[in-house]
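The values are calculated or read from the model by the stated rules, or taken from the named source; none is laboratory data. Computed from a prediction, not measured in an experiment: that's the story for all the values here. Positions of Cβ are generated from backbone atoms using ideal geometry, with glycine treated the same way; all protein chains shown enter the neighbour counts. Please note that ligands, DNA and RNA were not included when accessible areas were found on the heavy atoms of the full protein model with its side chains. Shrake-Rupley method; radii C 1.70, N 1.55, O 1.52, S 1.80 Å.
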Amino acid sequence: QVQPVESGGGLVQAGGFLRLSCAASGRTFSSPAMGWFRQAPGKEREFVAAINWSHKTYYADFVKGRFTISRDNAKKMVLLQMNSLKPEDTAVYYCAALSGEGDIRSNRDYDYWGQGTQVTVSS
């Protein structure tokens, strides 16, 4: 398995929380960075959060203070804790690995992508 595998999506009410998990193989988990992106219907895929090998984290402005990205090296997993969810957070969330140099916020620079997991936030 090279592609990451996401889990943890679902339906939640506004103000609620979800935790997304991304299981990665040794090859992808050793990438310089792992990121989460999302894509809502009719919209382009957008950056949500990323974490590099030294655990430095990066966030989109619209999730700062609400989402937290972390990595569990022993389990080779990347987690995205999403709190205070809003209806506009509804999207398919993708986990991806950036295996080389590139812009950690650009989906064009990521090499391996999961199939995505649906997150739906009801108002």
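Among the residues making up the range 47-70, those that are open to solvent by 20 Å² or more (accessible area, probe 1.4 Å), without any contact (Cβ under 8 Å) to a residue 40 or more places away in the chain, on the phi < 0 side of the Ramachandran plot and touching a strand residue (DSSP E or B) at 6+ places or on another chain (Cβ under 8 Å) are W53, T57, Y59, R66, T68, S70. The sole residue among E44, E88 that is out of contact with any strand residue (DSSP E or B) (no Cβ under 7 Å at 6 or more places or on another chain) and either β-branched (V, I, T) or assigned to a helix (DSSP H, G or I) (or both) is E88. Within 15 Å of C95 (Cβ to Cβ) and without any contact (Cβ under 8 Å) to a residue 40 or more places away in the chain: does that describe A33? For A33, the condition - within 15 Å of C95 (Cβ to Cβ) and without any contact (Cβ under 8 Å) to a residue 40 or more places away in the chain - is not met. R108 - would you say it is charged (D, E, K, R), closer than 21 Å to Q3 by Cα and assigned to a strand (DSSP E or B)? Answer is no for this residue. Among residues of the range 100-123 that are loosely packed, with under 14 Cβ neighbours inside 10 Å, those with a beta-carbon under 7 Å from a residue that is in a loop (DSSP other than H, G, I, E, B) and not hydroxyl-bearing (S, T, Y) at least six positions away or on a different chain give the pairs Q118/G9; S122/A14; S123/A14. If only residues of the range 31-45 that are under 21 Å from S7 (Cβ atoms) and surrounded by fewer than 16 Cβ atoms within 10 Å (Cβ to Cβ) are counted, the one that is farthest from the chain's Cα centre (by Cα) is A40.
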